[in-house]
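Engineer: The structure follows.
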Amino acid sequence: MDILQFVPDLGTGFITGFIVGWGIKIALKVVIALMGLYVFSLIYLSNLGVISINVDALFGLVGNVEGAVMSYGSLAIGLIHSVSLGGGFAAGAAVGLKQG
C-alpha cells in the first residue's frame with residue numbers, strides 16, 4: 001500500500017475544511033454582532049420604559065438554545081469522523097477558524 005495515494009484526499013479535505021471553517025467563523029461574527037445589537041436595543045427600550053423584560057423567561061430561553069447547540073455540536077463531530085476526508089477536513093477547519 002502506497003501512502004502517497006492518500007495525499008490528494010488529505011489536501012482536498014484540508015482545503016475544503018479551511019474554507020468551511022473560515023466561513024463559519026465569519027458567519028458567527030455576524031450573528032454575534034446582530035445578537036449584541038438586538039440585546040442592546042432591548043436594554044435601551046427597557047431603560048426608556050417602553051418594554052419590560054421577563055428575566056426568568058429570558059434565561060429559560062437561553063438555556064434551551066444552549067442545549068440545542070450542544071446536541072448539534074455532538075452530531076457534527078460524529079459526521080466529521082464518518083467522512084473519509086475527515087482528518088484533512090478537521091485540520092483545515094481548525095486553521096480556517098483560526099485565520100478567519
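Engineer: Which pairs do you get when a residue that is assigned to a helix (DSSP H, G or I), found in segment 25-49, comes within reach of a residue that is of a type in the set (Val, Ile, Thr), reach meaning Cβ atoms under 8 angstrom, with the pair 6+ apart or on two chains?
Structural biologist: Taking only residues 6 or more apart or on different chains, the pairs are Leu42/Ile51; Leu42/Ile53; Leu45/Ile51; Ser46/Ile53.
Engineer: Further, regarding this structure: Looking only at residues in segment 3-61 that are among the hydroxyl-bearing types (Ser, Thr, Tyr) and under 25 Å from Gly96 (Cα atoms), which one is modelled with the highest pLDDT?
Structural biologist: Thr16
Engineer: Out of curiosity, is Val69 outside any loop (DSSP other than H, G, I, E, B), modelled with pLDDT of 75 or more, of a type in the set (A, V, I, L, M, F, W, C) and closer than 21 Å to Trp22 by Cα?
Structural biologist: The answer is no for Val69.
Engineer: Out of all the residues in segment 16-42, which are surrounded by 11 or more Cβ atoms within 10 Å (Cβ to Cβ) and among the aliphatic types (A, V, I, L, M)?
Structural biologist: Passing the criteria: Ile19, Val20, Ile24, Ile26, Ala27, Leu28, Val39, Leu42.
The values are calculated or read from the model by the stated rules, or taken from the named source; none is laboratory data. Computed from a predicted model, the values in this text were never measured in an experiment. Cβ sites come from the backbone with ideal geometry, for glycine too, and all protein chains shown count toward neighbours.
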